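The structure appears right after this line, and notes come after that.
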Amino acid sequence: MSFGKFGKVSYVSETKLQEFEKALEAGRIMGTKCKTCGKLYFPPRADCTCMKGDIEWVELKGNCRLLTYSTIYFAPASFRYEVPYILAVAQFEEGPTVLAPLNKDLKEDEIEIGMSLRLIPMELAGGRVIYELRKI
């Protein structure tokens, strides 16, 4: 149940959701959905808040709308070489929200609340995987 390659820093090495990492490596954005109550999660969750759920994997299209964003000038040590960067909250067309960095090619004066974005998996140095939001 390895989960050691997701993100810039792995805070956990084991998870019930290792399929998420594998999907990102394959270029796919996956969430989980409770078969009991229908709640859709991103990032994926192994358990539902209804406490009765049987969770299934669902692929998300990745299409989002920007809800809000912030430019980060001071960051934790593992992100210090990235500043400044823009961290955004966007809503998938399927419903859940995502917190993710905006692609650095998108300049702050081009950003508009409500703009169309796409969540894209990407590979980092050393084979690690993450995702970012890009303008459509």
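Every read-out reported here was derived from the displayed coordinates using simple, explicitly stated rules and does not represent laboratory data. Quantities reported herein were computed from a predicted structural model and do not represent experimental measurements. Because the Cβ atoms are built from the backbone with ideal geometry, glycine has one as well, and the counts that use them run over all protein chains shown.
Take the chain, connect every pair of alpha-carbon atoms lying under 10 Å apart with a spring to form a Gaussian network, then pick out the residue of SER116, SER70, SER78 with the largest mean-square fluctuation. Among SER116, SER70, SER78, the largest mean-square fluctuation in the Gaussian network model of the chain belongs to SER78.
Computed from label points 7 Å out along Cα-Cβ, the spacing between ARG28 and LEU87 is 3.0 nm.
Cβ distances below 4.7 Å define possible disulfide partners, and in the chain the cysteines left without one are CYS64. Cβ-to-Cβ counts within 10 Å put GLU21, GLU112, GLU132 in ascending order as GLU112, GLU132, GLU21, the fewest first. A crude spin-label estimate for the pair LYS39 and MET51, with each label 7 Å from Cα along the Cβ direction, gives 1.2 nm.
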